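The values are calculated or read from the model by the stated rules, or taken from the named source; none is laboratory data. A quick note: this is a predicted structure, and the numbers were derived from the prediction, not measured. Cβ sites come from the backbone with ideal geometry, for glycine too, and all protein chains shown count toward neighbours. With ligands, DNA and RNA removed, areas are computed over all heavy atoms of the protein, side chains included. Shrake-Rupley method; radii C 1.70, N 1.55, O 1.52, S 1.80 Å.
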Amino acid sequence: MPELDSGLAGLVAAETVLSHSDGVRGILWVRGHTLPELVAEFGYDGAVGLLWEGFAGNGLDRDEMRRRLGDGRRLAFARLGDWLGQARTRPLVEGVRLALAAMPDDSAPALILATLPVAIAALLRTRQGAEPLAPDPTRGTADDLLRMARGRTAETPGAAVMTQALDTYFAAVIDNGLNTSAFTARVIASSRASLVSAALGAYCAFTGPLHGGAPGPTLDMLDEAAANGDVGAWAERKLAAGERLMGFGHRVFRLGDPRAGVLRTALEQLGASLGPAAGRLAFAAEVEQAVGAAFARLKPGRPPLQPNVEINAALLLDAVGLPRDAFTPVFAVARCAGWLAHAMEQQKSGRLIRPSSAYVGPRPRNLAPEP
Ligand code: COZ
């Protein structure tokens, strides 16, 4: 039996045309496109079509996906009554889970994906005591999410740059190889369960703080570091206590996360709109340096502990005016496109996923010893 790694690190469990992440070279391709190409040439709605081409239809360019996702938001808004009453008093991440769980099994991928921004915005408005705002199907996803959630119009100062920043974020984090939630989606789809079930299961795996549940706690961590004054001493104390620092480390990108650079550029382009977050950008760089140095001191000879995408992601989501408890569901708006692509690819070309395990429990009493 080969040496078992309980985290399946390095195990190749599927062939995919969707995305490729290489931690040694620090690259992430989505269907052969680099992240800067994805952001500049496709944007989020176009990147969804790129991932879904050949699985959810053909000719899925940005305009076609804007139409399908806009129509999906319209349908999702009409169905708020199916779940919002039960969800309005629940934490946001649970409310969005209820929205997914309420969907009919035969829902099309565009409706499943479009339900997330509608659910997030409706829950945010409801908890403010306001009525949910109906979607504008003519807008892109990032634009309409901010409008529905913030009641923002195009005239709102900084609206255009914030929409661009959120669209960049969505495109940059849309898929990342066989990450934990994408693998979950494939396992569920491999039994020929529905796409809704694959997306719901993936969402559940995603919400853990080691995975998609990280961005909100990452901003909390930056606030804690700032409150502590001496960042170096704070980092040393946390690492020496064996704590996991949010926003650091990655199973694949051990030498640096290519998505972090794309988001830093988006943050710098936010410029004046950054507001109080401008100071946070500089402080985050100080925290990254202090944590890296403390880790190197405490664990000499080990590969350096690098920041992952979450610090810049958290700063960007905060800068576009979203509350931190919405960060994980908003992250899921992007990643759900990847989950559905993996599920459709698995259904088209994969087998039932059923690995083996090494039994190390007690043996039956009356069993003759093995030869
Ligand atoms: N904070 C402190 N130490 C960390 C660390 C972190 N965030 N990430 C890894 N390490 C340390 C581990 O303690 C381990 O050291 P020891 O062997 O001495 O215990 C070493 O670095 C290797 O860690 P591990 O093998 O556990 O890394 P793995 O690849 O399994 O973990 C994840 C990757 C993402 C879980 C990461 O380490 C983590 O927990 N990050 C925080 C949550 C987060 O930001 N998630 C979003 C990722 S995009």
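What to note about this one:
- Evaluating 6.51 cos²θ - 1.76 cosθ + 1.60 at θ = phi - 60° for every residue in the stretch 28-40, the Karplus couplings come out as 9, 9, 10, 6, x, 10, 6, 4, x, 5, 4, 5, 7 Hz, glycine and proline recorded as x.
- Trypsin sites (Lys or Arg not before Pro) lying in DSSP loop within the stretch 309-371, provided at most 13 other Cβ fall within 10 Å: Arg351, Arg365
- Loop-located GluC sites (Glu not before Pro) in the stretch 240-325 (DSSP state other than H, G, I, E, B) with a sparse environment of at most 14 neighbouring Cβ atoms within 10 Å: Glu243.
- Pair Ala227, Val360: separation of 7 Å Cα→Cβ label points (nm): 3.9 nm
- Once the Cα-Cα distance is subtracted from the 0.36 nm per residue extended length, the Arg88 to Ala241 segment shows a gain of 51.3 nm.
- Added length on full extension, which subtracts the Cα-Cα distance from 0.36 nm per residue, Glu370 to Gln269: 29.6 nm
- Backbone amide hydrogens, once placed in the peptide plane, bring Phe248 within less than 5 Å of Asn308, excluding anything fewer than 5 places away on its chain.
- Loop trypsin sites (Lys or Arg not before Pro), the stretch 1-102 (other Cβ atoms within 10 Å of the site Cβ: 14 or fewer; DSSP): Arg25, Arg88
- Within the chain, helix-based [θ] at 222 nm, where runs of 4 or more DSSP H residues each add -39,500 (n - 2.57), nearest 500: -17000 deg cm²/dmol
- Accessible surface of the chain [probe 1.4 Å, protein heavy atoms]: carbon and sulfur percent: 54 percent
- Distance between modelled label sites at Arg25 and Ala9, nm, 7 Å Cα→Cβ extension: 2.2 nm
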